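Working notes, structure below.
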Amino acid sequence: MSHGITYVIGHKNPDTDSICSAIAYAWLKRAMGEENVVAARAGNINAQTEFVLDYFQQQPPKYLPDIYPRVKDVMTSDVITVNASDTLNKACRLFKSYNLKLLPLVDSEKCLIGTLSLLDLSKIQMERLGPMKSHMLFTSVKNIQEVLGARILNAPMPEMEFSGFVVVGAMAEKSFKKRLQEFVPASTIVVVSDRYEIQKIAIDFKVKCLIVTDGKDIAEEFLKIARENKVNVIVSPHDTAQSSKLIFTSIPVHYAASKSIETLSEDELLIEAREKILRSENQGMPVVNHKRRVVGIVTRSDLLKPPGKQLILVDHNEMAQTIDGAEEVEIIEIIDHHRLGNSPTMKPILFINVPLGSTSTLMAELYQKNNITPEKTIAGLLTAGIISDTILLKSPTSTEKDEQMLKWLSEITGLNYTELGMEIFNATSSLSGRSIEEIVEGDFKDYQVGNTKIGIGQVEVVGLEELDSIKYDILEYLKKFVKNRKYSLVALMVTDILTEGSILLFQGDRRIIGRIQYPLMEPNIAELKGILSRKKQLLPYILEIAGA
Ligand SMILES: [Mn+2]
């Protein structure tokens with residue numbers, strides 16, 4: 001929980017390089033002794049990545065729809081609770097011993113029925129300041145017995161709650177008799193020590209409860225009448241002054257508690273919970289599950305805790321491409337091979353950005369630098385990451401380093417990377433059997449240039465034959481995409497591994513698409529000869545015409 005978990009995560013619409021480098025980096029970190037480092041993904045894996053993960057029998061990384069801090073990230077889970085009938089005495093002791101801000105009241109099923117705050121306790125105290133209220137008490141015999149540590153001599157229904165006035169038998173018999181006349185017998189509690197005449201008067205008067213103090217006894221004949229008169233009789237070990245003070249702490253907590261209670265759920269966004277807690281008059285708020293069982297508590301001071309989640313970004317550094325909510329947690333490292341588009345950070349961070357063919361290449365280098373040999377499966381994933389991003393070293397983004405690392409990794413895996421590459425592309429680079437949405441958005445990246453929003457998808461194919469039958473459907477889809485999601489330009493780059501070139505299908509503002517200078521094959525479809533790389537060849541050009 002608060003020790004924190006570090007997620008290694010690639011960009012939204014993750015590609016093979018993104019997923020494989022996240023898995024490999026989390027593995028490397030753990031091999032170097034770092035705990036709680038977990039690979040994650042910010043979206044569904046594409047068909048190619050699925051093939052690669054299956055090939056090396058690896059599970060996809062944990063899916064995170066977003067990284068917004070949630071209630072469960074800061075709440076205290078081992079909650080101290082009280083039962084409705086527990087005494088204020090017990091509640092006060094809990095508040096003090098555990099330095100609590102709020103005590104949830106629960107029923108026998110551990111379900112929430114109210115809360116007791118320090119404010120509720122003060123209110124009860126203030127209420128008692130009223131002239132007639134100062135000696136009025138709501139309690140049960142069981143509760144009185146508990147707070148006094150008393151002995152019960154007669155109590156037909158110890159758990160029944162009642163309200164009564166407390167009268168101390170400290171006066172002469174005559175005055176006491178007169179005093180009793182002011183009260184209803186069934187709601188009178190008499191506190192007295194070994195003044196037998198007073199005890200007798202109280203029993204005859206059929207008071208609700210007689211508390212004999214100083215541990216003194218009561219005559220057997222009195223007790224007999226008390227039983228007949230249904231007078232509760234208990235013996236307190238404390239003196240009269242102490243006993244009459246202590247019994248006011250026997251009030252059951254439900255009497256003082258707030259019953260209309262706002263609650264939080266574990267998955268609620270912390271930012272929303274913060275609002276609720278700050279608006280509430282209490283210092284905290286209970287967290288309940290769907291059955292209203294108390295599963296945690298969040299206090300105002302918990303709101304200041306760090307959220308317990310950190311990010312390491314791999315294969316991207318632009319906030320537009322990262323997981324939602326990243327701005328609310330700490331980004332502690334970035335390892336990437338793209339253009340810079342990162343936001344300022346609060347602290348210095350490790351930022352490795354090298355213009356290599358893939359992040360997986362960088363990961364392989366990091367293994368070498370740290371003298372750690374990856375497991376065969378990890379080496380296999382890195383191989384796939386490099387093959388995928390460099391299109392088997394054919395992309396102009398690929399460098400000598402990528403080739404070197406591929407060779408080093410094949411020494412570990414014993415695999416021929418060219419054969420593996422052809423297998424990967426042949427198995428998954430087909431347009432048939434995929435929806436237009438999958439084709440366009442499977443590997444889709446957002447870019448922001450001032451107020452201009454641009455999106456470019458890329459799909460690799462082995463031969464362009466399949467494109468013909470669906471190109472107009474794609475254009476139609478892009479048109480709606482631009483309109484519905486308010487883009488200035490949306491394009492799909494269909495990259496052919498055989499001819500080592502691409503076809504670009506695009507829709508958007510006339511102002512921008514009018515500037516595209518690539519030769520058109522037909523309206524909104526351009527031929528990009530020798531262009532394989534979105535980020536190195538296409539994107540700089542698009543950004544230039546969009547910003548112009
Ligand atoms: Mn990459």
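Below 8 Å, C-alpha to C-alpha, sequence gap of six or more: please give me the relative contact order for the chain in percent. Could you put the intermediate results ahead of the total?
On the way: 1092 pairs, mean separation 84.9, N = 548.
Relative contact order of the chain: 15 percent.
How many angstrom lie between the C-alpha centres of the stretch 506-537 and the stretch 329-397?
Here the two parts' Cα centres lie 29 Å apart.
Expressed as a rounded percentage, what relative contact order does the stretch 366-514 have, with Cα pairs under 8 Å and six or more residues apart? Display every interim value, and only then the final one.
Details: 187 pairs, mean separation 24.6, N = 149.
In percent, rounded to a whole number, it is 17.
Starting at 0 and stepping by 5 Å, how many percent of the alpha carbon pairs of the stretch 1-141 end up in each bin?
Taking every Cα pair in the stretch 1-141, the percentages come to 2, 8, 12, 12, 10, 8, 6, 6, 8, 8, 6, 5, 4, 3, 2, 1, 0.
Pull out a ≥ b ≥ c, the square roots of the eigenvalues of the alpha-carbon gyration tensor of the stretch 327-486, then state rounded if a/c is under 1.5, prolate if not and a/b is larger than b/c, and oblate in the remaining case.
Oblate is the answer for the stretch 327-486, as a/c is 1.5 or above yet b/c matches or exceeds a/b.
In the structure shown, do any of LYS12/LYS309; LYS407/LYS445; LYS471/LYS529; LYS174/LYS206; LYS29/LYS445; LYS177/LYS230 have a Cα-Cα gap over 21 Å, and if so which?
Values: LYS12/LYS309 18 Å; LYS407/LYS445 30 Å; LYS471/LYS529 18 Å; LYS174/LYS206 17 Å; LYS29/LYS445 28 Å; LYS177/LYS230 19 Å.
Result: LYS407/LYS445; LYS29/LYS445 exceed 21 Å.
Which lysines, on any chain, are close to LYS291 with Cα under 20 Å apart, when same-chain ones fewer than 8 places away are left out?
LYS72, LYS110, LYS259
Per the Kirkwood definition applied to all pairs of different Cα atoms, how many angstroms is the hydrodynamic radius of the chain? Mind showing how you got there, number by number?
Working: mean 1/r = 0.0344 Å⁻¹.
This gives a value of 29.1 Å.
If you take every DSSP beta bridge whose two residues both sit in the chain, what share of them, in percent to the nearest 5, is antiparallel?
On the way: 43 of 86 bridges.
Antiparallel: roughly 50 percent of the beta bridges in the chain.
So what is the calculated 222 nm ellipticity per residue for the chain, using -39500 (n - 2.57) for each DSSP H run with n of 4 or more, over all residues, to the nearest 500 deg cm²/dmol? The partial results should precede the final answer.
Details: 20 runs with 190 residues, N = 548.
-10000 deg cm²/dmol, from helical runs alone.
Run the numbers on the stretch 267-342 and let me know its relative contact order in percent, using alpha-carbon pairs under 8 Å that are six or more apart.
On the way: 79 pairs, mean separation 17.1, N = 76.
RCO, the stretch 267-342: 23 percent.
Please give the per residue volume of the convex hull enclosing the alpha carbon atoms of the stretch 88-255, rounded to a whole number of Å³.
Details: hull volume 19.3 nm³, N = 168.
With only Cα atoms used, the stretch 88-255 gives 115 Å³ per residue.
If a/c stays under 1.5 just call it rounded; otherwise compare a/b with b/c (prolate if a/b is bigger, oblate if not). Do that for the stretch 256-362, with a ≥ b ≥ c from the square roots of the Cα gyration tensor eigenvalues.
Details: a/c = 3.92, a/b = 3.00, b/c = 1.31.
Judged from the Cα gyration tensor, the stretch 256-362 comes out prolate (a/c at least 1.5, a/b above b/c).
Taking the highest mean first, how do the peptides 519-527, 42-50, 144-152 order by number of other beta carbon atoms within 10 angstrom per residue?
Numbers: 519-527: 13.8, 42-50: 20.6, 144-152: 18.7.
Ranked from most to least packed, the peptides come out as 42-50, 144-152, 519-527.
Among the aspartates and glutamates, which fall within straight-line cross-link reach of LYS101, defined as a Cα-Cα distance under 15 Å, with same-chain neighbours fewer than 8 residues apart omitted?
Straight-distance partners of LYS101: ASP78, ASP120, GLU281, ASP302.
Read-outs: derived from the displayed coordinates by stated rules, not from any lab. The structure presented is a predicted model; accordingly, all values stated were derived computationally and were not measured. As a convention, Cβ positions derive from the backbone with ideal geometry for all residues, glycine included, and neighbour counts pool all protein chains shown.
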